[in-house]
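Visitor: Input: one structure, supplied below.
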Amino acid sequence: MAKAHVTTTVNGDAVEFLCDAEQTLLDVLRDELYLTGSKEGCASGDCGACSVIADGRLVCACLMLGVEAEGLAIETIEGMADGDQLHPLQTKFLEHAALQCGVCTPGFLVAAKSLLERNPDPTEIEVRYWLAGNLCRCTGYDKIVRAVLDTAEEMRGG
Amino acid sequence: MRYEAPESVEGAVALLAGGGPRGRVLAGGTDLLVQLRAGMVAPELVVDIKRIAETRKIREADGKLVIGAAVSGAELGEHAVAKALWPGVVESTELIGSTQIQGRASLAGNLCNASPAADTVPALVAAAATCKIAGPNGVRRIPVEDVCTGPGQLSLGDGEFVVAFEFPKRPPRSADAYLRFIPRTEMDIAVVGAGVNLAFDDGGRCVAARVALGAVAPTVILVEEAGQALVGTTCDAAALQEMAAAASAACRPIDDKRGTVEYRTKVAGVLATRAAGIAAQRAKESR
Amino acid sequence: MAANSHGKTNGSTRWVGTRPVRPDGVDKVTGRARFGADVHLPNMLVGKVLRSPHAHARIHSIDTSAALALPGVKTVVTRDDFNDLPSEFVPAGEMLINYRDVVRNVMAREKALFEGHPVAAVAAVSEKVAREALARIKVDYEVLPHVLDVVEAMAPEAPLLHEDLITAGVEPAPTTPSNVAKVVEFKLGDVEAGFAEADIVIEREFSTQPVHQGYIEPHACIANYSEDGQAELWCTTQGHFVVRGHCAKLLGMDVSKLRVTASEIGGGFGGKTVVYLEPVALMLSRKSGQPVKMTMSREEVFQASGPAAGTRVWAKVGMTNAGRITAGEAVLKYQAGAFQGSPVQPGCMCAFAPYDLAHVKVVGYDVVVNRPKVAAYRAPGAPQSEFAVESIIDELAKRIGMDPVELRLKNAAKEGTKAAYGPTFGPVGLVETLEEAKAHDHYRTPLKPGQGRGVASGFWFNIGGETCATLNLGEDGTIALVAGTPDIGGSRASLCLQAAETLGVDVERIRPLIGDTSTLGYTFLTGGSRTAFASGMAVIEAARDMIRQLCERAAKIWDIPVDAVEWIDGEARPAGSNAGEFEPLSLADLARLAGKSGGPFVGRAQINAQGAGPSFGTHIVDVDVDRETGRVTIERYTVIQDAGKAVHPSYVEGQLQGGAVQGIGWALNEEYIYDDKGRLQNPGFLDYRIPVCSDVPMIDTVIVEVPNPTHPYGVRGVGETPIVPPMAAIANAVEGALGLRFTDLPMSPPRVLKALGDARVPKAA
Ligand SMILES: Cc1cc2nc3c(=O)[nH]c(=O)nc-3n(C[C@H](O)[C@H](O)[C@H](O)COP(=O)(O)OP(=O)(O)OC[C@H]3O[C@@H](n4cnc5c(N)ncnc54)[C@H](O)[C@@H]3O)c2cc1C
Ligand code: FES
Ligand code: FES
């Protein structure tokens, strides 16, 4: 089976790639486009390490086919900072030490960004449930939740 | 594997009918991709139905709600009309997986994956929803409970797929609710699920009740006896207890990695009771 | 010469104890950091492993011809490619491994001993081709009966995993083989006499399930073997020097010919102290002449990498009515997995370590079963045995109506206590953590109706070991710090802080790097909570070495004796009779003058760090239980632990919080579910239930600082102790809520509901 040709947008840039129909969007991002910021923790939708935003919706890149990206706008961790300006969530994650090993971090950041875009003033419970699909084995989640709440507060203030 | 994304129902039917037994519908892909990866399925053709407008729409006309087969949980959760009419169905959808899964997972995928533990199915069955099915011989409609015939087994014929879910008109003083039990707070498959849909007369007496249970039998079951235990009552403690007993009695579960027979049977009654309580409260508030 | 007075004067520190942003932070929040699977090499192949579908089977033959015939398949590796190795035990983290077993664990030889045991591997041009190739390999298995349970495995009629395994540690040595690899015993005083002094004696049997470390990054590596016999290996590991040693041994290479680089590591918790894919990738690369990348799927991680041991523990504790513990005894049976080497020994040593006891006896059994070989998991062996003891302590407190913190305080180990496993404790902080617990708002807040509160303490030794570090002074006065311990949780930050403190320079001027195996001397792995302590000591030594050189250079420039120069606040100052004679020379000044005055500055240290101070912790937890579904909810949680000195308090808190939440998973939901053929039913995060964000509350922390006298700033390891107390603390809290004592983990909803039902039956009757 010949590879499919896909035209899409990644972090605002027009991108074309070839892929097998079986390849997931995560495979394509990592192995074809070398955007390795999205991680594979499970390849089955359980860990959220591969979180990306597709046409405004938070999804697991491991549960989408690469061919499904045709015509969509994909946002990944690599597009989160604005030039040399970190996103407030990135800054707060650093300040709060909301990462230990950091492998879950890109997924959490992308997921938290999509939360704050929808809900600028989430409660702790809302943050916890929104992020329940992002596993972190290192931090016990405490500092992650604090960092998100603190970012929300700062962004509301600013 | 070949991937196609037709833009019409007819196009999809043609592809599926021509693709033979190894063609698969792709909606949100949250079941299908996991199965592909695990080598559990190896379709020759995948037909993505998300580019067909009808599968992506939520419509309400004359109090009757229609939900497209591929509408995602997140889209449904944001739909105020759907939520107001069928809070139980919407909450069952919103329980599926994580926020990420919500961005993709659909009602039709949940139903057609044919897992006895699918969360939306007890709610859809309790709601007496109907499936609109398109196929080589045109369109037909069947009750949701007639779609799955066993774990992984569907009554759909070659080339057929679910296009939408159609809901009956909501009577006054009625509401539905869905609850499930999972060991964690999120990210688990239901050990037991209970969907309850109740309607009351203006005297507060239950006039119609449908109770459906998930994960306690090879398919989701509609427990007529449980519903009957509530009809004619005010859903008082005694009636609820009788309903719970009927629910537990109807269970034919298995022991598996997610729960034991004993556990599922007990908890089915507990959840049915709690869901009925929520549905009754909602029905009351709908006045 | 006053080497460095900074940090020791008044016990006050300028950098140690602060919370700067970690030096590797920005890379990690932007997706730039490269983990094990994030590297691609030109001409790279994909390696995949064929794994045994059987829990126990003799391998008669392996036919790889059809796989090799497939276009795109470059090579295949089986047992025939690895030389057998004789029995030789070497340390792996806090556990011992045997090369005879390592080579068999990496690639099955005579038998497949667990589902997921590697049987062959292929390297091919793509993942797809590699998968297809695996399907074409024909293995002739003779399926054998298997055994998973530790007690069943000890029975004389149990299926034997290793026909030549003779139990060590018993006299006379048995004449027939069994699944019991080893028996160990620790004794202090006379337990019989101790129990005779007791008014109350409680004995119970406990069981714990194997649990996986659950790191989010699966194992991954890239090997690049060149025709001249040299090779590079990039991998996610807790110890690249250890990986180098194991791989060189298995491939018959000189260690100097193998350069191993540790990638950023996405969690390990002990599980990345052993080799799985690395030797296979090297062998595939050697045979194919191309770089080979291998990654494990999550399913493979669960099936074939090491969990913590599942255990059966019997424990007995005696106490007087006044609350003095008179004796403790325990028998520990630990699953080792397919090869010997469970952490039963540390389990025995830790069981009663929190208490000052005169009479203790602990016997441990190391038992092989048809499961993946266990690996270290945070305080390996301790959580299981301390779960048993801390549960009984709670019960004893209830019996005499004494507050459980009070009872612990009355019997707590302190400086001068002789531990049952041998040593006499130096300054330790158990009493301090208990006092903090008693005073904590959490402990004083009344419970809501239906809730229960539990407390438990925990102990872990911590280790030191061989460690190197270098500091390279740049020409502008900034410093490159090179350490050899992979940074899993922010250790680069704490090493920089210790270097900054010692040198008296701004921490931002120090940039850290985890050097590969060719840039530094042998450095033991990140494990045993040793990194902040041992690499910290090495960094401090290296800083002192550099200060020595800087002072010498200043002396030379000023033409005064070196002992008339002192290093204060990051600059060389003339001292004694020369004080005030010369303008001080800062680090930057000396760096600028380096070339003209005698050459560059490199601070080096190669140490064998000793005296890692043990760390004690005490946890408080409140639970609620849904009486109709059996679900336990953690309502509030507080961790109190002695850190000696918290170098970067945020990352210490993070260790305490992360350990507690792993413990919550262990206590409530995590378990392996096998079918009757010994096949794992839940090799994924959907059904292997680690806590998710919405499962847990904020985890409150209190850091107690009882300085470790052997470390210049008082540092103790902190990473492991926090996983020890949660299981007992939660069981004690559940008992408080329900009046039912759970001795079997996990306390999952079906178990809790069943116990509630069983408990109600007699009441109703
Ligand atoms: C991490 C995770 C958590 C999950 N949690 C839950 C949960 O809590 N509760 C739950 O119930 N499920 C859960 N699931 C399963 C899954 O997300 C749901 O079943 C979801 O609703 C499937 O919808 P989909 O659109 O993604 O289906 P797809 O994967 O696209 O399809 C599923 C199956 O249905 C078929 N199909 C899809 N659409 C149609 C159609 N219109 N007509 C005919 N056949 C069709 C497909 O061919 C396929 O066989 C979870 C899955 C993951 C990965
Ligand atoms: S890799 Fe996609 S959810 Fe884990
Ligand atoms: S920081 Fe390691 S998994 Fe989250």
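Visitor: When you check B:Ala177 against the structure, is it part of a loop (DSSP other than H, G, I, E, B), crowded, with 24+ Cβ neighbours inside 10 Å and at pLDDT 95 or above, yes or no? Please lay out each step first, then the result.
Guide: On the way: part of a loop (DSSP other than H, G, I, E, B): no; crowded, with 24+ Cβ neighbours inside 10 Å: yes; at pLDDT 95 or above: yes.
Here the answer is no, as B:Ala177 does not meet what is asked.
Visitor: Search segment C:673-690 for residues being more than 7 Å from chain A (Cβ to nearest Cβ) and open to solvent by less than 10 Å² (accessible area, probe 1.4 Å), and hand back the single one that is farthest from the chain's Cα centre (by Cα).
Guide: First, the residues of segment C:673-690 that are more than 7 Å from chain A (Cβ to nearest Cβ): C:673-683, C:687-689.
Now restrict to residues that are open to solvent by less than 10 Å² (accessible area, probe 1.4 Å): C:678, C:682, C:688.
Details: C:Gly678: 27, C:Asn682: 24, C:Tyr688: 20 Å.
The qualifying residue farthest from the chain's Cα centre (by Cα) is C:Gly678.
Visitor: Here's something else I'd like to know. If a residue has to be under 31 Å from the mean Cα position of the chain (by Cα) and either open to solvent by 70 Å² or more (accessible area, probe 1.4 Å) or within 30 Å of C:Pro346 (Cα to Cα) (or both) to count, how many in segment C:49-101 make the cut?
Guide: 21
Visitor: Given the conditions (1) outside the structural domain of A:Leu25 (by TED's automatic domain parsing); (2) outside any loop (DSSP other than H, G, I, E, B); (3) within 16 Å of ligand 2 (Cβ to nearest atom), and given that A:Leu135 satisfies all but one, which numbered condition is not satisfied?
Guide: It fails just one condition, (2).
Visitor: In the list C:Asp563, C:Asp589, which residue meets the criterion of being crowded, with 16+ Cβ neighbours inside 10 Å and in contact (Cβ under 8 Å) with a residue 60 or more places away in the chain?
Guide: Numbers: C:Asp563 fails: crowded, with 16+ Cβ neighbours inside 10 Å.
Selected residue: C:Asp589, the only one of C:Asp563, C:Asp589 that is crowded, with 16+ Cβ neighbours inside 10 Å and in contact (Cβ under 8 Å) with a residue 60 or more places away in the chain.
Visitor: Of the conditions (1) under 20 Å from the mean Cα position of the chain (by Cα); (2) within 17 Å of C:Thr517 (Cβ to Cβ); (3) of a type outside the set (D, E, K, R), C:Leu282 fails just one. Which one is it?
Guide: For C:Leu282, the failing item is (1).
Visitor: Now a separate question. Please identify the pairs in which a residue from segment C:669-691 that is closer than 15 Å to B:Asp255 by Cβ has its Cβ atom under 6 Å from the Cβ atom of a residue that is within 16 Å of ligand 3 (Cβ to nearest atom) and in a loop (DSSP other than H, G, I, E, B), counting only partners at least 6 apart or on another chain.
Guide: Final answer for the pair search is C:Asn682/C:Tyr688.
Visitor: Same structure again: Could you please find all residues in segment C:403-428 being over 19 Å from C:Lys316 (Cα atoms) and part of a loop (DSSP other than H, G, I, E, B)? Steps first, answer last, please.
Guide: Looking only at segment C:403-428, we keep the residues that are over 19 Å from C:Lys316 (Cα atoms), and these are C:403, C:405-406, C:409, C:414-418, C:422-428.
Across segment C:403-428, the qualifying residues are C:Asp403, C:Lys414, C:Glu415, C:Gly416, C:Thr417, C:Gly422, C:Pro423, C:Phe425, C:Gly426, C:Pro427, C:Val428.
Visitor: Out of the residues in segment C:692-709 meeting the condition of being part of a loop (DSSP other than H, G, I, E, B) and within 7 Å of another protein chain (Cβ to nearest Cβ), tell me which one is surrounded by the fewest Cβ atoms within 10 Å (Cβ to Cβ).
Guide: First, pick out the residues of segment C:692-709 that are part of a loop (DSSP other than H, G, I, E, B): C:692, C:696-698, C:705-709.
Keeping just the survivors that are within 7 Å of another protein chain (Cβ to nearest Cβ) gives C:692, C:696, C:698.
Values: C:Val692: 27, C:Val696: 22, C:Met698: 17.
The residue in question is C:Met698.
Visitor: Go through segment B:86-112 and count every residue that is more than 11 Å from chain A (Cβ to nearest Cβ), among the polar types (S, T, N, Q) and either within 6 Å of ligand 1 (Cβ to nearest atom) or open to solvent by 20 Å² or more (accessible area, probe 1.4 Å) (or both).
Guide: Residues in segment B:86-112 being more than 11 Å from chain A (Cβ to nearest Cβ), among the polar types (S, T, N, Q) and either within 6 Å of ligand 1 (Cβ to nearest atom) or open to solvent by 20 Å² or more (accessible area, probe 1.4 Å) (or both): 2 in total.
Visitor: I would also like to ask the following. Among A:Leu109, A:Leu89, A:Leu99, which is open to solvent by less than 10 Å² (accessible area, probe 1.4 Å), within 16 Å of ligand 2 (Cβ to nearest atom) and either touching a helix residue (DSSP H, G or I) at 6+ places or on another chain (Cβ under 8 Å) or modelled with pLDDT under 95 (or both)? Let's see the steps before the verdict.
Guide: Working: A:Leu89 fails: within 16 Å of ligand 2 (Cβ to nearest atom); A:Leu99 fails: within 16 Å of ligand 2 (Cβ to nearest atom).
On inspection, the qualifying residue turns out to be A:Leu109.
Visitor: Looking at A:Thr123 and the list (1) more than 14 Å from chain B (Cβ to nearest Cβ); (2) among the hydroxyl-bearing types (Ser, Thr, Tyr); (3) touching a residue at least 24 places away in the same chain (Cβ under 8 Å), which single condition is not satisfied?
Guide: Condition not satisfied by A:Thr123: (3).
Visitor: Within segment C:21-48, count every residue that is crowded, with 24+ Cβ neighbours inside 10 Å and β-branched (Val, Ile, Thr).
Guide: 1
Visitor: When segment A:111-154 is examined, which residues are found to be within 14 Å of ligand 3 (Cβ to nearest atom) and among the β-branched types (Val, Ile, Thr)?
Guide: Selection gives A:Thr139, A:Ile144, A:Val145, A:Val148.
Visitor: Among the strands (runs of 3 or more DSSP E) confined wholly to segment A:1-85, which include 3 or more residues that are within 25 Å of C:Pro218 (Cβ to Cβ) and away from chain C (no Cβ under 14 Å)? Talk me through it step by step, then tell me what you get.
Guide: Working: elements: A:4-10, A:13-19, A:51-54, A:57-60, A:73-75.
Answer list for segment A:1-85: none.
Visitor: Right, another one. Among the listed residues B:Arg37, B:Arg24, B:Arg51, identify the single one that is out of contact with any helix residue (DSSP H, G or I) (no Cβ under 6 Å at 6 or more places or on another chain), buried (at least 16 other Cβ atoms within 10 Å of the Cβ) and at the interface with another protein chain (Cβ under 9 Å from one of its Cβ atoms).
Guide: Details: B:Arg24 fails: at the interface with another protein chain (Cβ under 9 Å from one of its Cβ atoms); B:Arg51 fails: at the interface with another protein chain (Cβ under 9 Å from one of its Cβ atoms).
Only one candidate passes the filter, namely B:Arg37.
Visitor: Just for strands (runs of 3 or more DSSP E) wholly inside segment C:28-107: which have at least 2 residues that are at pLDDT 95 or above? Break it down into steps so the answer makes sense when it comes.
Guide: On the way: elements: C:45-51, C:57-63, C:73-78, C:89-92, C:95-98.
Hits in segment C:28-107: C:45-51, C:57-63, C:73-78.
Visitor: Further question on the same structure: Being closer than 16 Å to B:Val125 by Cβ and not in a helix (DSSP H, G or I) is the requirement here; does B:Val207 meet it?
Guide: Numbers: closer than 16 Å to B:Val125 by Cβ: no; not in a helix (DSSP H, G or I): yes.
The answer is no for B:Val207.
Visitor: While we're here: Any residue in segment B:212-233 that is without any contact (Cβ under 8 Å) to a residue 12 or more places away in the chain, among the charged types (D, E, K, R) and out of contact with any His (no Cβ under 8 Å at 6 or more places or on another chain)?
Guide: Within segment B:212-233, the subset without any contact (Cβ under 8 Å) to a residue 12 or more places away in the chain is B:224.
Subset that is among the charged types (D, E, K, R): B:224.
Those left that are additionally out of contact with any His (no Cβ under 8 Å at 6 or more places or on another chain): B:224.
Yes.
The values are calculated or read from the model by the stated rules, or taken from the named source; none is laboratory data. No experiment lies behind these values; they were computed from the predicted model shown. In this analysis, Cβ positions are derived from the backbone assuming ideal geometry, glycine residues included, and neighbour counts consider all displayed protein chains. Each accessible area value is taken on the protein alone, full model and side chains, heavy atoms only, with ligands, DNA and RNA left out. Shrake-Rupley method; radii C 1.70, N 1.55, O 1.52, S 1.80 Å.
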